[in-house]
């Protein structure tokens with residue numbers, strides 16, 4: 001059994017992004033998907049990136065990243081949960097960090113804190129609000145994959161006991177859905193990297 005692996009969900013249509021694949025959009029010199037991979041890479045022996053709608057663009061953007069394997073979800077129009085299940089079926093780790101590809105803001109400190117958790121489901125929270133990434137144990141993964149009633153990760157988490165780890169980092173709540181979000185993210189990374 002491997003230690004910790006990552007699953008990054010990058011199969012979406014980016015419909016609110018006026019036709020662009022948001023995963024391949026530039027954020028101060030790195031694409032959204034590269035930054036999401038970077039945030040998990042130090043902690044994972046392998047990262048499964050689940051592609052769907054813009055799979056060629058995503059693979060082109062992140063194909064050079066080390067530790068990454070791509071898995072295509074042919075049912076990506078069925079939504080993010082189908083991609084998550086696909087990614088988890090390919091993950092072999094004892095524990096798996098799950099991150100939507102459009103959440104490129106996660107710092108290494110957040111991952112370090114999560115990995116100190118002992119529960120089967122470990123979530124970061126900022127001022128009581130749960131964010132990303134989510135850490136699942138092998139037991140939770142097997143359980144989730146066997147449960148056909150669950151329609152989302154949120155639903156699975158709500159039905160089970162999660163360990164909550166408070167972090168002082170509101171970026172765990174952010175994602176990039178709209179051109180406004182993208183503009184804000186660009187400013188954020190530019191400011192951060194000038195410091």
Problem set entry | Within the range 156-183, tally of residues that are closer than 13 Å to residue 103 by Cα and out of contact with any strand residue (DSSP E or B) (no Cβ under 9 Å at 6 or more places or on another chain) | 4
For this session: Answer with yes or no whether residue 99 is touching a strand residue (DSSP E or B) at 6+ places or on another chain (Cβ under 9 Å), at pLDDT 95 or above and under 16 Å from residue 46 (Cα atoms).
Result: yes
Problem set entry | Of residues in the range 136-155 being in contact with a strand residue (DSSP E or B) (Cβ under 8 Å, 6 or more places away or on another chain) and under 25 Å from residue 13 (Cα atoms), the one surrounded by the fewest Cβ atoms within 10 Å (Cβ to Cβ) | 153
For this session: Say whether the condition of being closer than 14 Å to residue 153 by Cβ and free of Cβ contacts under 8 Å to residues at least 60 places away in the same chain is met by at least one residue in the range 59-70.
Result: no
Exercise. Is it the case that the range 167-179 has a residue that's over 17 Å from the mean Cα position of the chain (by Cα) and part of a helix (DSSP H, G or I)?
Worked result: yes
Exercise. When the residues of the range 70-87 are filtered to those that are under 14 Å from residue 48 (Cα atoms) and surrounded by 22 or more Cβ atoms within 10 Å (Cβ to Cβ), which remaining residue is farthest from the chain's Cα centre (by Cα)?
Worked result: 73
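The values are calculated or read from the model by the stated rules, or taken from the named source; none is laboratory data. Being a predicted model, the structure only gives us computed values, none of them experimental. Counting neighbours? That spans all protein chains shown, and the Cβs are built from the backbone with ideal geometry, glycine included.
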